[in-house]
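Presented below is the structure to which this report refers.
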Amino acid sequence: MNLISIISPVIDQMESSHLKTQLSTYFPLQEEKFSVIEESFKEFTSQKQNKEVLNTFFKSWSQTNNSAMTVAGLSNRMTMIIHKNQEVKSEHDLFKSVSSLNRIVDEDLAVVGRILHSKLFYNMATSIAGDDSWLSNTFLNKEAIAFKAWKDKNSLRNKDIMVGLLTTLVHEIYTHGEVEFIIPLFENWLQDEGRLTESEIDSALAWIRVHCGPTEKNHFFHAVDAVNSYAKAFEIDVNNYDLKQIIEDYLHLKSEVMGVLNKELSQEYTF
């Protein structure tokens, strides 16, 4: 099992469309980037890691996946259109787009599920690393900063909101692949290491497990609906948008983060 083998079947479930064609065309071309990411997670979970490695991994990795606030900010941008009395062809479809976008972050913001997903990530990283010193920005590498800056720029500062919606679409389908790929690695790693009890492992891995199964898959389809409804709201032709650059940039920057972490793992930090 690899990332593209998890991602592709979900894309195949989409109705025939320009978006489906773009995703099914350009994601498989990123095999080299996927391989870098896969190897990083495999290396990380292959043996016991020292404190510095754990702190750096969790701090930098967190910048590539905890994106609820960015999605919420994109939703704010969309409702601001009404607040500023800007012309909208269909306010109903704009509301549908905002509604679909908000469904992506229900669990993250504890609207359902009763616990913030940022808290679940904190629990995971702190349990595995031993304490929460990983929160320090001293463990944040420049590649992770670049990834987050690019993603926030696309979603929060690009003049074209559609670019932000398409970036969210790419992020959600990728994230589905990532959590499904890593859950057996983390489960086997923590069990083999033997430092945590079964209940502690269950608690530590709650952040990954809660995103597996239908969760991220549903988020992806909410993102698809958000794109299509926004297009109707402003009579935008989605066919005019090429996802190639977004997909390439996303996976290039993500693989840069994970590739650097893998290099650090290969140095003298492991026991």
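The values are calculated or read from the model by the stated rules, or taken from the named source; none is laboratory data. Small disclaimer: the values here were computed from a predicted structure and weren't measured. All Cβ positions, even for glycine, are placed from backbone atoms using ideal geometry, and neighbour counts span all protein chains on display. Just so you know, the surface numbers come from the protein's heavy atoms only, side chains and all, with ligands and any DNA or RNA stripped out. Shrake-Rupley method; radii C 1.70, N 1.55, O 1.52, S 1.80 Å.
Figures for the structure shown
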{"item": "Probe 1.4 Å - accessible area at Met124, Å² to nearest ten", "result": "0 Å²"}
{"item": "Heavy-atom accessible surface of the range 94-217: percent carbon and sulfur, 1.4 Å", "result": "55 percent"}
{"item": "Per-residue [θ]222 nm for the chain (sum of -39500 (n - 2.57) over DSSP H runs n ≥ 4, rounded to 500)", "result": "-23000 deg cm²/dmol"}
{"item": "On Cα atoms only, tilt of 31-44 relative to the major axis of the chain in degrees", "result": "40 degrees"}
{"item": "Gyration tensor (alpha-carbon) shape descriptor, the range 9-123, a/c threshold 1.5", "result": "oblate"}
{"item": "Among Phe121, Phe234, Phe41, residue whose mean-square fluctuation peaks in a GNM of the chain (springs only between Cα atoms under 10 Å)", "result": "Phe234"}
{"item": "Solvent-accessible surface ranking, highest first, for Arg103, Arg77 at 1.4 angstrom", "result": "Arg103, Arg77"}
{"item": "Folded to 0 to 90 degrees: helix 3-12 orientation relative to the chain principal axis, Cα", "result": "30 degrees"}
{"item": "Potential lengthening between Gln86 and Arg114 on full extension [0.36 nm per residue; Cα-Cα distance subtracted]", "result": "6.5 nm"}
{"item": "Rounded, prolate or oblate (a/c below 1.5 giving rounded, otherwise prolate when a/b exceeds b/c) for the chain by Cα gyration tensor", "result": "prolate"}
{"item": "The chain - accessible surface per residue (Å², probe 1.4 Å)", "result": "46 Å²"}
{"item": "Listed residues Thr215, Thr197 arranged by accessible area, highest first, probe 1.4 Å", "result": "Thr197, Thr215"}
{"item": "Spin-label model distance (nm) - Asp202 vs Thr25, 7 Å beyond Cα toward Cβ", "result": "4.8 nm"}
{"item": "Dipole magnitude (debye, nearest 20) for the range 1-133, charges at Cβ of Lys, Arg, Asp, Glu", "result": "320 debye"}
{"item": "Top positive-direction residue, dipole computed over the chain with Cβ charges, set Pro214, Gly177, Tyr250", "result": "Tyr250"}
{"item": "Using alpha-carbon coordinates, inclination of helix 51-65 to the longest axis of the chain, degrees", "result": "10 degrees"}
{"item": "Contour minus Cα-Cα distance for Asp106 and Ile183 (0.36 nm per residue)", "result": "25.5 nm"}
{"item": "Distance-filtered residues of the range 21-38 - backbone nitrogen under 18 Å, label point 7 angstrom along Met1 Cα→Cβ", "result": "34-35, 37-38"}
